[in-house]
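For reference, the structure is listed below as structure tokens.
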Amino acid sequence: MAKRVMLIEDEPSIIEAIRFILSRDGWDVTAHSDGSTAADVVALAQPDVLILDAMLPGRSGFEILRDLRGRSETSGLPVLMLTAKGQGKDRALAEHYGASRFMTKPFSNSEMLETVKVLADGA
Amino acid sequence: MPRSGLTGTRIRERRTMIGRRQSDLARSVGISPSYLNLIEHNRRRIAGKLLNAIARELETEPSMLAEGAESALLEALREAADAEPDTDAELDRIDEFVGRFPGFAGLNAELWRKNQALQRAVEALSDRLAHDPFLSTSLHDVLSTVTAIRSTASILAETPDIDPEWRGRFHRNMAEDSARLADSADALARYLDDEASAELSASTPQEELDAWLGAVGYHMPDLERALPPAPEDIVDRAPQLQSRSAKALALQWLTRYRKDAEHMPLSVFREEARKAAYDPSALASRFGMDLGAVFRRLAALPASSPAETIGLVSCDGSGTLTFRKPLDGFTLPRFSAACALWPLYQALTRPMTPVRSVVEMAGPGAQRFLSYAVCQPSQPAGFDGPTILEASMLLVPAGLAGAEEGGVAVPVGTSCRICPRQSCAARREPSILSEMV
């Protein structure tokens, strides 16, 4: 059974690119773009890995992450946080709220694929 | 008579001009010639009855001999000396310096002010880069678009056997994203260009507003007319208002000013104010307005001389000064926190309870003012929103208000660092000055 990755991102082109890259490698990819409902959607879907953008409409990625870490069903979920390059405070916030990994935009496709694999393997 | 130097210097100039001997003048006012000599060389301070007596003997007005603009000059020099303690500036001879070399003293103070303005500009720009929400959002937007283009381009380059439908979709995405990136980069560049130049020319939006209000005398004849121009047009014509934040502050001020003018028309208000000896409480009853509005209206009255200028200071719930209309003899701090003894802060702790008192400003001349202060709460976000406090303090020169200059006055200063009242119970940090009052 394919492993499932959920992407919380509001940029349609990034969603399409990541969906293509991960699907080609055998992942089951779902995406969601609304920050205000993201935490409930993730808790319901229970993906193997979550890719979470820091800046989203409705609710920031950091607030969503804090919410997820406070729920028993998602407290241990591997989360890859996407932040913008040069925003040092975002990285500090991601670490503070318990991101498993973080990646700065722009990133390469291979870097994304490799990181998701590592997270899924629990490394 | 030219108003050069300090009070003592002016006394000497006036006495010489009318041909009075020092010993003769001293005898006339009941002091020793040696004491008058010290006064004339700015080694002793003079105010009150003695100044009045000397002015009478010299056939002039006390205000022509007293210090005015020099107070601000002295404060600026003291601030400069405080900021550069390693220079060992001779603070104990600062009066002599200002009295003997007013031009160089003014130059020093101006250079200090410009230096401060530049430092503030650098701080504002650094703060903007670190915390500006537009920059942060724009940067994230640009980097997200770059990420999308990079990922899509890599897919197209590294997947020669890609399905034609996917290829077409990715090509469309790249075309749209590259156009969006160009727009975002252009907007970002224009924003940085506009804001950087505006911030460098004046340090903070509040200071831009202060500079503009000072230039127009805190009075807007255009807004007193029955059909006033749009506030936006007034703001657009103001060369001192460069940054968007300063323009927004000016619009708020103008809107409030117009509303006050509608409820308290200038010609009627000016006459009523004179009749009421500038008592805001009486004027509030007469016009059916709250005290804060009357304070603003009194401070907006056109003044024909410094002695008729009414000052106004406002602060928010944190005590931060949000509005400053200065007046001679009552120096307002530009950057540091103000004197904790100002009735303004007494009012802040007791919302809706008016505070009236006579205050005496520390320093040369020790001028007295009648102060009225009040703190008004508001609920701009409704019952469930926070209570916002705004306190205001009106400063009326004692002579203008017809107030008795004798009696007990609240001793106040500008700010602890440059206040000479060493034994003040409200002192929060040491002063750089020696006891002078």
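Quick notes
- Among (1) within 14 Å of chain B (Cβ to nearest Cβ); (2) over 13 Å from the mean Cα position of the chain (by Cα) - the single one residue A:60 does not satisfy: (2)
- Flag if residue A:24 is more than 14 Å from chain B (Cβ to nearest Cβ) and either surrounded by fewer than 16 Cβ atoms within 10 Å (Cβ to Cβ) or over 26 Å from residue B:154 (Cα atoms) (or both): no
- Test: residue in region A:38-50 that is under 24 Å from residue B:138 (Cβ atoms), more than 14 Å from chain B (Cβ to nearest Cβ), out of contact with any Ser or Thr (no Cβ under 9 Å at 6 or more places or on another chain) and not aromatic (Phe, Trp, Tyr): yes
- In region B:34-91, residue nearest to residue B:19 (Cα to Cα) [restricted to those that are outside any loop (DSSP other than H, G, I, E, B) and β-branched (Val, Ile, Thr)]: B:54
- Taken over region B:272-282, residues that are assigned to a helix (DSSP H, G or I) and closer than 13 Å to residue B:372 by Cα amount to 3.
- Residue match in region B:364-382 (condition: under 27 Å from residue B:430 (Cα atoms), surrounded by fewer than 18 Cβ atoms within 10 Å (Cβ to Cβ) and either not hydrophobic (A, V, I, L, M, F, W, C) or not assigned by TED's automatic domain parsing to the domain that holds residue B:48 (or both)): yes
- Residue match in region B:3-12 (condition: at pLDDT below 80 and surrounded by fewer than 20 Cβ atoms within 10 Å (Cβ to Cβ)): yes
Each row is one residue, and each column tells you yes or no for (1) farther than 30 Å from residue B:51 by Cβ; (2) touching a helix residue (DSSP H, G or I) at 6+ places or on another chain (Cβ under 6 Å); (3) in a loop (DSSP other than H, G, I, E, B).
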site	(1), (2), (3)
B:341	no, no, yes
B:382	yes, no, yes
B:385	yes, no, yes
B:391	yes, yes, no
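- Residue pairs meeting the criteria (Cβ under 7 Å; at least 6 apart or on separate chains; first basic (Lys, Arg), in region B:366-379; second part of a loop (DSSP other than H, G, I, E, B) and surrounded by fewer than 24 Cβ atoms within 10 Å (Cβ to Cβ)): B:368/B:405; B:368/B:409
- The criterion of being in contact (Cβ under 8 Å) with a residue 24 or more places away in the chain, away from chain B (no Cβ under 14 Å) and among the hydrophobic types (A, V, I, L, M, F, W, C) does not hold for residue A:29.
- Contact map, region B:138-149: residues that are facing chain A (nearest Cβ under 7 Å) paired with residues that are small (Gly, Ala, Ser) and in a helix (DSSP H, G or I), Cβ distance under 6 Å, separation 6+ or inter-chain. Pairs shown: B:148/A:13.
- When residue B:283 is tested against (1) in contact (Cβ under 8 Å) with a residue 24 or more places away in the chain; (2) on the phi < 0 side of the Ramachandran plot; (3) not basic (Lys, Arg), just one condition goes unmet, and that condition is (1).
- Members of region A:71-118 found to be among the basic types (Lys, Arg), over 16 Å from residue A:39 (Cα atoms) and away from chain B (no Cβ under 14 Å), listed by number: A:101, A:117
The values are calculated or read from the model by the stated rules, or taken from the named source; none is laboratory data. It should be emphasised that the depicted structure is a prediction, and the values quoted were computed from it without experimental measurement. Please note: Cβ atoms are built from the backbone with ideal geometry, for glycine as well, and neighbour counts cover all protein chains shown.
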